[in-house]
1. Towards the positive end of the charge dipole of the stretch 52-200, with charges on Cβ (+1 Lys, Arg; -1 Asp, Glu), say which of T90, A62, I135 has the farthest Cα.
2. Taking every Cα atom in the stretch 50-202, find the radius of gyration and the maximum pairwise distance Dmax, and write them in Å.
3. Taking 7 Å along the Cα-to-C-beta vector as the label spot, tell me the Q183-R111 distance in nanometres, rounded to one decimal.
4. Which of the lysines could a cross-linker span from K41 if the Cα-Cα distance has to be under 27 Å and same-chain partners fewer than 8 positions apart are dropped?
5. If each residue's Cβ is checked for other Cβ atoms within 10 Å, how do V44, V129, V192, V160 rank with the fewest at the top?
6. Could you work out the local net charge near K38, counting Lys and Arg as +1, Asp and Glu as -1, over the other residues with Cβ closer than 14 Å to its Cβ?
7. Find the Rg to Rh ratio for the stretch 1-49, where Rh is the Kirkwood radius over alpha-carbon pairs and Rg uses the same atoms.
8. In whole Å, what is the distance between the alpha-carbon centres of the stretch 61-134 and the stretch 1-36?
Amino acid sequence: MTEEEKTTEKTILDAAKKVFLAKGYDGARMQEIADEAKINKSLVHYYFRSKDKLFDAIFKDAFSQFIPKVAETMASDKDIFEKISIFIDTYIEMFINNPHIPTFILHEINRNPDRIVGLFKETKIDPSVFGLTVINEINKGTIKPINPLHLIINMISMCVFPFAAKPILKGFIFQNNENAYLQFIAERKKEVTEFIIRSIKN
């Protein structure tokens with residue numbers, strides 16, 4: 001792929017993120033994405049062929065920023081509390097930079113669960129690596145006995161929920177104040193990390 005082609009592809013992806021975020025997956029149209037990218041609709045189809053292909057590309061691009069750092073952290077000799085902190089920080093940062101991803105995932109879970117499972121499998125994320133760390137720390141007495149899967153799901157859900165539920169939180173809790181919502185999100189890294197560590201630490 002030439003530099004010009006890479007630039008065009010990135011322009012289309014950036015435009016698709018904006019349109020998907022504003023209109024939702026079902027409401028977005030390829031023509032709107034082309035208009036946002038300021039290119040011909042046929043060029044969008046040439047690069048991605050369909051909204052599904054665009055979804056896949058956006059999903060993989062978002063997780064490509066997250067997976068290497070997390071995989072390296074989980075395989076390192078850092079202590080479990082530092083691993084938890086890095087995971088939560090990196091995960092929330094990914095959603096801050098890609099706020100459309102939780103909505104996409106929820107949409108696909110209802111529309112085509114096999115597809116979203118396949119996308120997650122392609123990331124090569126292996127929860128058992130962190131699970132072994134949890135078991136080792138329980139055996140050493142560093143943390144309370146806990147099923148590693150419950151800890152992993154707690155971490156993920158506490159990070160994802162404020163993004164997936166943004167319309168409710170922003171409209172009901174923050175009275176449609178975008179700045180208040182964003183401030184709340186900015187505080188989540190510290191709040192979630194401290195909450196999780198307090199809940200398991202001996």
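Taken together, the values in this text are just the output of simple stated rules run on the coordinates, not laboratory data. As the structure is a computational prediction, the values presented were derived from the model and not from experiment. As a convention, Cβ positions derive from the backbone with ideal geometry for all residues, glycine included, and neighbour counts pool all protein chains shown.
1. I135
2. Cα radius of gyration and Dmax of the stretch 50-202 are 16.4, 52 Å respectively.
3. 3.6 nm
4. List returned: K6, K10, K17, K18, K23, K51, K53, K60.
5. Details: V44 26, V129 13, V192 23, V160 17.
With the sparsest Cβ surroundings first, the list reads V129, V160, V192, V44.
6. On the way: positive: K10, K18, K41; negative: D14, E32, D35, E36.
Surrounding charge for K38 is -1.
7. 0.97
8. Using only Cα atoms to place each centre, the spacing works out to 24 Å.
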